Amino acid sequence: MKTSKTLVIVTHPNIDESSVNKRWLQELEKNRDIVTIHQLHKQYPDDTIDVTAEQQLLLSHDNIVFQFPFYWFSTPPLLKKWLDDVLVRGFAYGSGDTDRKLTGKRIGLAISTGIKAVDYDRNGRYISTLEELVRPLQLTIKYVNAEPLPIFAFHGAEYKYSPEELELSAAQYQQYIKKIASKSHAKQG
């Protein structure tokens, strides 16, 4: 059965010690009417992924958001494993339409970075934008014939930021999720 909720796949190895991802998760909890929260580390503490269950979860949602901290300019290892295990030939891609079960899904990224936003600039410390660094994920989304959504990001988690900045980020994340849900409803109507 398909739901109009947005599936948020949260991948954080220590969510209880997180500030940003934990706060985002708290905000998601307030919106259970529009989101399904799926925490990979809580679901799979031994890293053994139930591929069939994960594929069914994807099929039952039109919108998917991967929420994670940026690790070494990439995803946490469990999310990479999840992508490798779940997005397999015959389900996410292949030669025929029946092999591309994610066609038309809308997929977004919600990323917390330790580095300040100014460092994610072609003239910044890492000479690359966040969009450039997540290009492999964006290409994966396109490869499985899904629609990439805009990136939502919080920068500078390793630095001191104010409680107001964190609360603003949480409110903006809630708006990001609501916007995805509203566009999905409009598309269905």
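Data for the structure
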| read-out | value |
| --- | --- |
| Least to most buried among 144, 20 (fewest other Cβ within 10 Å first) | 144, 20 |
| Amide hydrogen neighbours beyond the local backbone of residue 62, cut-off 5 Å, H modeled | 3 |
| Relative contact order of region 3-188, defined on C-alpha pairs under 8 angstrom at six or more residues apart (%) | 25 percent |
| Separation of the residue 52 and residue 142 label points, Cα + 7 Å toward Cβ, nm | 3.5 nm |
| Percent antiparallel among DSSP beta bridges (both partners in region 3-188, rounded to 5) | 5 percent |
| Restraint check, 116/142; 80/160; 80/183; 81/160; 105/178; 81/183, Cα-Cα greater than 26 Å | 116/142; 80/160; 80/183; 81/160; 81/183 |
| Highest-fluctuation residue, 112, 162, 74 considered, GNM on the chain with Cα pairs under 10 Å | 162 |
| Size of electric dipole in region 105-179: Cβ of Lys, Arg +1 and of Asp, Glu -1, about Cα centre, debye, nearest 20 | 340 debye |
| Neighbour-count ranking [beta-carbon atoms within 10 angstrom, fewest first] of 134, 8 | 134, 8 |
| Test item: Cα-centred dipole of the chain, Lys/Arg +1 and Asp/Glu -1 on Cβ, debye | 580 debye |
| The chain: most fluctuating residue of 123, 21, 145 per GNM, C-alpha cutoff 10 Å | 123 |
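None of the figures in this text is laboratory data; all of them are computed from the coordinates on show. Computed from a prediction, not measured in an experiment: that's the story for all the values here. Backbone-built Cβ (ideal geometry, glycine too); neighbour counts: all protein chains shown.
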